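A.B. asks: First the structure, then my questions, so here it is.
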Amino acid sequence: MDIMLGLAAAAKALEIAKQLKEVNKQLSEAEFKLKIAELYESLADVKMALADAKEELATKEKLDRYRLVDYGGQTFVYELKASEVGEESPQHRICAACYQQGKIGHLQFEFHSVDSGQDWFECSVCKDRRAYGGARR
């Protein structure tokens, strides 16, 4: 859910809450329960929007930890920045195509080609297979 939709849902929830506050005994019990149900629905939409925004922010923070590396031959990959490498996060590569879609697809070693001298990797998310090797540019 988009943040703007979440804000709209929050505004709707506030409006319903104001209506309930101003309500006199003019409303029947059924109408009152209907307004309460609408309020809960709007609050649920707000909660979903906040959860989506939190997840999106966490993903962006994770993606900011990587830098683009050119392996030549139109082969690009994202590697963990040197400043991010540590005991909890060893050096690794993620799929450039997945990165562009806001996903983290770890590249997993498949095999080493003796003919080309390159290592082949497969993305854990999109299953794309690519060769990486030789000198970095």
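The values are calculated or read from the model by the stated rules, or taken from the named source; none is laboratory data. None of the values given here were measured: they were computed from a predicted structure. Here Cβ is always computed from backbone atoms with ideal geometry, including for glycine, and neighbour counts include all displayed protein chains. To get the accessible areas, we keep the full protein, side chains included, count just its heavy atoms, and leave off ligands, DNA and RNA. Shrake-Rupley method; radii C 1.70, N 1.55, O 1.52, S 1.80 Å.
A.B. asks: Just give me the residues in the stretch 38-63 being under 17 Å from the mean Cα position of the chain (by Cα), closer than 16 Å to residue 7 by Cβ and open to solvent by less than 40 Å² (accessible area, probe 1.4 Å), in sequence order.
C.D. replies: 49, 53
A.B. asks: Can you tell me which residue is nearest to residue 56 (Cα to Cα) among those in the stretch 86-107 that are exposed (fewer than 12 other Cβ atoms within 10 Å of the Cβ) and in contact with an Asp or Glu (Cβ under 9 Å, 6 or more places away or on another chain)?
C.D. replies: Within the stretch 86-107, the match that is nearest to residue 56 (Cα to Cα) is 102.
A.B. asks: I've got another one for you. Which residues, taken from the stretch 1-33, are surrounded by 14 or more Cβ atoms within 10 Å (Cβ to Cβ) and modelled with pLDDT under 70?
C.D. replies: Correct list: 1, 27.
A.B. asks: OK, next. Among the candidates 84, 79, which residue alone is touching a strand residue (DSSP E or B) at 6+ places or on another chain (Cβ under 7 Å), touching a residue at least 12 places away in the same chain (Cβ under 8 Å) and more than 12 Å from residue 123 (Cβ to Cβ)?
C.D. replies: Answer to the selection: 79.
A.B. asks: For residues in the stretch 108-136 being open to solvent by less than 40 Å² (accessible area, probe 1.4 Å) and touching a residue at least 60 places away in the same chain (Cβ under 8 Å), which is farthest from residue 63 (Cα to Cα)?
C.D. replies: Among residues in the stretch 108-136 that are open to solvent by less than 40 Å² (accessible area, probe 1.4 Å) and touching a residue at least 60 places away in the same chain (Cβ under 8 Å), the one farthest from residue 63 (Cα to Cα) is 133.
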